[in-house]
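To start, the structure itself, in structure tokens.
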Amino acid sequence: MGSVARTPSCETACSGSHRVLTRDHRLFFSSSRWGRRKTGPSPTDRARPGSKHHVATDANGTPVAVILTGANRNDITQLLPLVETIPPIRGVRGTPLRKAGRIYANRGYDHDKYRRSLHAAGIPTSIARRGEPHGSGLGKVRWVVERTHAWLHGFRRLHTRFERRADIHEAFLKLACCLICRRTLQRSEKSF
């Protein structure tokens, strides 16, 4: 088996730009087609390909919207798509809540153009400004989002991305959000 895998005739497993190449004893995948939209060189991890999870939560930390992007994408470009993916949320009585009550975000989402578009939609923002010293006070309300990120990365499949296809990783991300929502509901039922 080992001698067969080293032969040059096994260099390409399939035709096209997404082929499997063998060198010595290892397999290398050409990354031209595997998840190309949702991966990118990470600016913090020596340009290794990676992904970012953008999460919108309610006040209790329950995820209501999630987006997967490449690690090299700027955070601010995903603010409006993330807000647009928030579904209408039903309350106990009355019409469903159609938009967020307020957006709290870190410095990565700071840009006046996007702030103005959110204000035009009737959504007030509390986004930390770049270039100002820390201590804006947003940590008092943003910790629920950081806790949700910690819950998401508690799932091994999301902490380290093993899947080459973005749709599979995104499916695991949404499944993890469903499990977090279920756990939140179970905790709230026990408190009653």
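The values are calculated or read from the model by the stated rules, or taken from the named source; none is laboratory data. All values reported here derive from a predicted model rather than from experimental measurement. Note that each Cβ is placed from the backbone with ideal geometry, even for glycine, and that neighbours are counted across all protein chains shown.
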Cβ pairs under 8 Å, 6+ apart, first in region 181-192 and in the same structural domain as residue 64 (by TED's automatic domain parsing), second modelled with pLDDT of 90 or more: 181/63
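Can you pull out the helices (runs of 4 or more DSSP H) entirely within region 89-164 that have at least 3 residues that are surrounded by 11 or more Cβ atoms within 10 Å (Cβ to Cβ) and without any contact (Cβ under 8 Å) to a residue 12 or more places away in the chain? Give the steps one after another, and end with the answer.
Working: elements: 112-120, 139-153, 156-159.
Answer list for region 89-164: 139-153.
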The conditions are (1) out of contact with any strand residue (DSSP E or B) (no Cβ under 9 Å at 6 or more places or on another chain); (2) closer than 19 Å to residue 61 by Cα; (3) among the polar types (S, T, N, Q), and residue 148 fails exactly one of them. Which is it? (1)
Out of all the residues in region 84-98, is one or more assigned by TED's automatic domain parsing to the domain that holds residue 184, at pLDDT below 90 and touching a helix residue (DSSP H, G or I) at 6+ places or on another chain (Cβ under 8 Å)? no
